[in-house]
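No value in this document is a laboratory result; all are computed from the given coordinates. What you see is a predicted model; the values in this text were computed from it and never measured. Note that we place each Cβ from the backbone using ideal geometry, even for glycine, and neighbour counts take in every protein chain shown.
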């Protein structure tokens, strides 16, 4: 995972990941959190920050924060409080954000990542609750080139968790791996839908460079609002190289906040980087401190599902899956659920894994479709695999059946009957096809008998072609060998 192209420098990266919680209502009011409403329609005096209103904390937000903290090996604070983070920006209606500062709800966790044979434990410094700001729509292609911006406050007050990692990541690739695994865990515990395209999961990256072996941190910059794995990796790649160029040229890296320009493939200055004292934090006077007893924490701990690492080990242990297969399948809760549903009906895990990782993921990617919306249900795949085992269809025919199932949602037997795809397993019928192919290809017959064993592959192919792919390939192969003796 460590990118060696930066020698003699190494990157030092920490991520601040903002996770939109999938509660029905906002953190301090009863406005709905539904995505995509008409601008400024999911708002009220509380989330607009009008005078004379008081916030009321949504208990579901606290439950989700505790659940995330436990899944990420954090300590859950017995006493936590909210603070006002003061700054001015057009998408912030109150001119402060209700967040947490010195007493966050979760601290001291970690997340283990692995890639290219390298294992790394990434510290989770803190997880805190806060409200989201509104959304700016810029009049130009980027914030830097726009003449005006429009503000939609529907998102204002939507509950967020900010998950802050320690500066333990050492390459853009590690940062991507960390974010992918974090997303998977959040999906497993069902606290967020993690739809990056809708802004439910986005991150800011803090990045500096230093000479390899050094214990000192360089001057860091922050890249704001990265909303895809690709954007995160590309932005960090560019910024590491930019900082190295500055240092190699005798310059000094400036501490600042930068934005990522996708089209230009570069980071651009946005504003000077603020420190904590710039925000003038002070306790939120309208919210009492939050006291969390052990019974509350234990109750939520009992509700935690099987997490990705544990699930991966189970698939390896119970179904003999290779580590790579198990990692890919458990990387997505929806895909892992699909696998578990399949093996209830067809317990050959490796066979199921091959179809999921090959044909299913290929078709989902081609159609840009989520597996949850897939018409091909697990029991249909299992039925098709049983038909292969019984010799009703061949593996080649199954490829066709699979694609039609994916596109239409029809059951495999229905497709087989409609298209006349039943495999030919009648010995007499296959023998007639084999005899014809042998008669029409005397040179291949002679080649095989003179020791060129690859010639039989051609002959098998001719029989399959003659049968329009319906002949049982195992029977064809055995019969050809018998006759060629």
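Between residue 53 and residue 407, what is the label-to-label distance in nm when each label sits 7 Å out along the Cα-to-Cβ direction?
5.1
Can you order the peptides 304-312, 61-69 by their average number of other Cβ atoms within 10 Å per residue, highest first?
61-69, 304-312
Go ahead and collect, in residue order, the members of segment 367-395 whose backbone nitrogen is under 20 Å from a label point 7 Å along the Cα-Cβ direction of residue 135.
So the set is 370.
If each residue's Cβ is checked for other Cβ atoms within 10 Å, how do 328, 56, 401 rank with the fewest at the top?
56, 328, 401
At R0 = 60 Å, how high is the FRET efficiency between residue 427 and residue 142 if r is their beta carbon distance? Nearest 0.05 is fine.
The formula returns an efficiency of 0.30 here.
When 94, 481, 302 are ordered from fewest to most other Cβ atoms inside 10 Å of their Cβ, what list results?
Fewest-to-most Cβ neighbours within 10 Å comes out as 302, 481, 94.
Given only helices, namely DSSP H runs of n ≥ 4 each adding -39500 (n - 2.57), what is the per-residue ellipticity at 222 nm of the chain, to the nearest 500 deg cm²/dmol?
-12000 deg cm²/dmol
Alpha carbon centre of segment 103-122 versus segment 187-218: separation in Å?
12
Hey, rough spin-label estimate for residue 262 and residue 75, points 7 angstrom out along Cα→Cβ, what's it come to in nanometres?
About 4.1 nm separates the two model spin labels.
So, R0 is 25 Å and r is the distance between the beta-carbons of residue 418 and residue 389; what FRET efficiency does that work out to, to 0.05?
Working: r = 22 Å, r/R0 = 0.87.
Given R0 = 25 Å and the Cβ-Cβ separation, E is 0.70.
For labels at residue 225 and residue 375 in the simple 7 Å Cα→Cβ model, what's the distance in nm?
In this crude label model, residue 225 to residue 375 measures out at 3.8 nm.
Efficiency by 1/(1 + (r/R0)^6): what FRET value for residue 396 and residue 313, r their Cβ-Cβ distance, R0 = 41 Å, to the nearest 0.05?
0.75
Working out 0.36 nm times the residue gap between residue 345 and residue 304, then minus their Cα-Cα distance, what length gain in nm do you get to one decimal? Mind showing how you got there, number by number?
On the way: separation 41, 0.36 × 41 = 14.76 nm, distance 2.60 nm.
So the extension gain works out to 12.2 nm.
For 296, 355, 260, which order do you get if you count the other beta carbons within 10 Å of each Cβ and list the fewest first? It would help to have the intermediate numbers written out before the result.
Values: 296 15, 355 19, 260 24.
Sorted ascending by nearby Cβ count, the order is 296, 355, 260.
Over 39 Å, how big is the tail of the calculated P(r) for the chain, in percent of all Cα pairs?
40
Please give the length that would be gained between residue 217 and residue 193 if that part of the chain were fully extended, namely 0.36 nm times their separation in residues minus their C-alpha to C-alpha distance (nm, one decimal). Before the final figure, lay out the partial values.
Working: separation 24, 0.36 × 24 = 8.64 nm, distance 3.50 nm.
Stretched fully, the residue 217-residue 193 segment lengthens by 5.1 nm.
Once fully extended, how much extra length lies between residue 278 and residue 180, figured as 0.36 nm per residue of separation less the alpha-carbon to alpha-carbon distance? Let's see the in-between values first.
Details: separation 98, 0.36 × 98 = 35.28 nm, distance 3.20 nm.
Difference between extended and current length: 32.1 nm.
Using Cα-Cα distances under 8 Å and only pairs 6 or more residues apart, what relative contact order does the chain have, in percent?
Numbers: 867 pairs, mean separation 67.5, N = 485.
Averaging sequence separation for qualifying contacts and normalising by length gives 14 percent for the chain.
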